[in-house]
Amino acid sequence: MSVWLDLGLRRSRTVAGDLVVRFGVPLLDAYLEFLSVRSRPNTVAAVAYDLKVFFMVVGKPPVEVVAADVLAFVTAQHTGRPVGRLQGVVDGLAGLSARTVRRRLSSVSGLYAFLQARGDVAANPVPRGLPTRRERQRPRQGVPLVRTPRTLPRILEPAQVDALLAALRTHRDRAMVEAMLLGGLRRCEVLGLRLEDLRVATRRLFIAEGKGGHQRIIPVSGRFFTSLAAYLEAERPAGADTDRVFVVLKGPRRGMPLSASGLDQILDSARERAGLARATCHQLRHTCLTRLREAGMALEAVQAQAGHASIESTRVYLHLADDWLASQYRRAAEAIDAQLLPGKPASGHSLQPVDGGRQ
């Protein structure tokens, strides 16, 4: 069997507890090593898995892959069925979401951009898009290979938040959840916090390892610092040989930095005890940023709190905050009423059936 049909990942951990993944294939490992300099360990691991899926499906070494293989891979991932000479899909029979396929294409394209820059391949086999009839008038305006729908993230209701917090068993767990729920931190930002990043006197946190390498200082509710103080005083092992704030409390890894999978397991267990169908780190972050916007926080301030590089990423919280849209509509509707029906009181709902209610 070809090595590309049974491509394996070798996993290890650094002294700090960060995950390191390698294939044992020089071209791929060179890219992962390059990527590890500019990305988080979890990002590198996700890219490595995407590449593993791609090459196991295509069944070819990197230098032999052509655009036709990439297009067939997209079809196979969408449908969940082998296409042409491609091997079976490693994810099972069910087709994957457009967002997942697009992420995998991005990982493959990044690999080939690296290999092309080094001179290992002549061109990147991942097409930028498909040509259209308007290609002559508007060059480079082709159809994307994968269209991803823009969906609204799910948030937790107040009763669900209360149930989740009540189900947490340690001050450490409560502090981590509150960092996301009250401060809008990402999972990786919570786990990346160091003791020197805590600005207790001003109730702020220094985010040294934000997404894309961006740093920021953000305020966080005093409730978080109360839980944090209880954890540091009563639970965090005194002999922990790390400056990471959140560490493992029991077992052979006691005192070592908590991993992403460890935090996910803590949250999953609390979710089950609380009787919730779903509660993820991302949901906690979305809940925080949505509530901040609903409370009247300016969109630019929400952007700074969230650590978004673009305001476009923050605009989703306008749509999640129903009160904002409703108030904007009511204000506009009242203005229209005043123009069209002067002297009459606003009805509260301007759009009325006409002609006796017949449509």
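The values are calculated or read from the model by the stated rules, or taken from the named source; none is laboratory data. Bear in mind the structure is a predicted one, so any value in this text is a computation, not a measurement. As a convention, Cβ positions derive from the backbone with ideal geometry for all residues, glycine included, and neighbour counts pool all protein chains shown. We work out accessible area using only protein heavy atoms, side chains counted, and drop any ligands, DNA or RNA first. Shrake-Rupley method; radii C 1.70, N 1.55, O 1.52, S 1.80 Å.
Taking the protein heavy atoms of the range 218-259 in the context of the full set of protein chains, the accessible area attributed to carbon and sulfur is 53 percent at 1.4 Å. In a fully extended conformation the segment linking GLN265 and ARG99 would gain 57.3 nm over its present Cα-Cα distance, using 0.36 nm per residue.
Based on alpha-carbon centroids, what's the gap between the range 157-173 and the range 23-82 in Å, whole number please? That distance is 39 Å. Computed 3J(HN,Hα) for the range 299-314, one whole-Hz value per residue from the Karplus formula 6.51 cos²θ - 1.76 cosθ + 1.60 where θ = phi - 60°, is 4, 5, 5, 4, 4, 5, 5, 6, x, 7, 6, 10, 5, 4, 5, 8, glycine and proline marked x. Averaged over its residues, the range 191-311 has an accessible area of 50 Å² per residue, based on protein heavy atoms and a 1.4 Å probe. Judged by the mean number of other Cβ atoms found within 10 Å, the most tightly packed of the peptides 211-223, 284-296 leads the ranking 284-296, 211-223. Placing a label point 7 Å from the Cα of SER313 along the Cα-to-Cβ line, the residues of the range 248-290 whose backbone N sits under 17 Å from it are 281-290. Phi angles of the range 201-217 translate, via the Karplus equation with coefficients 6.51, -1.76, 1.60 and θ = phi - 60°, into HN-Hα couplings of 4, 9, 6, 9, 10, 9, 8, 7, 10, x, 4, x, x, 7, 9, 7, 10 Hz per residue; Gly and Pro are given as x.
A Förster radius of 41 Å combined with the Cβ-Cβ distance from GLU196 to VAL63 puts the calculated FRET efficiency at roughly 0.35. Computed from the C-beta positions of ARG330 and ARG204 and an R0 of 45 Å, the FRET efficiency is 0.80 to the nearest 0.05. Each peptide among 173-184, 42-53 gets the average number of other Cβ atoms lying within 10 Å of its residues, and from highest to lowest they stand as 173-184, 42-53. Converting phi to 3J(HN,Hα) with the Karplus coefficients 6.51, -1.76 and 1.60 and the offset θ = phi - 60°, the range 110-115 yields x, 4, 6, 5, 5, 5 Hz in sequence order, with x at every glycine or proline. If you plug the beta carbon distance of VAL20 and ALA338 into 1/(1 + (r/R0)^6) with R0 = 56 Å, you get a FRET efficiency near 0.30. Multiplying the residue separation of ARG154 and ALA298 by 0.36 nm and subtracting their alpha-carbon distance yields 49.7 nm.
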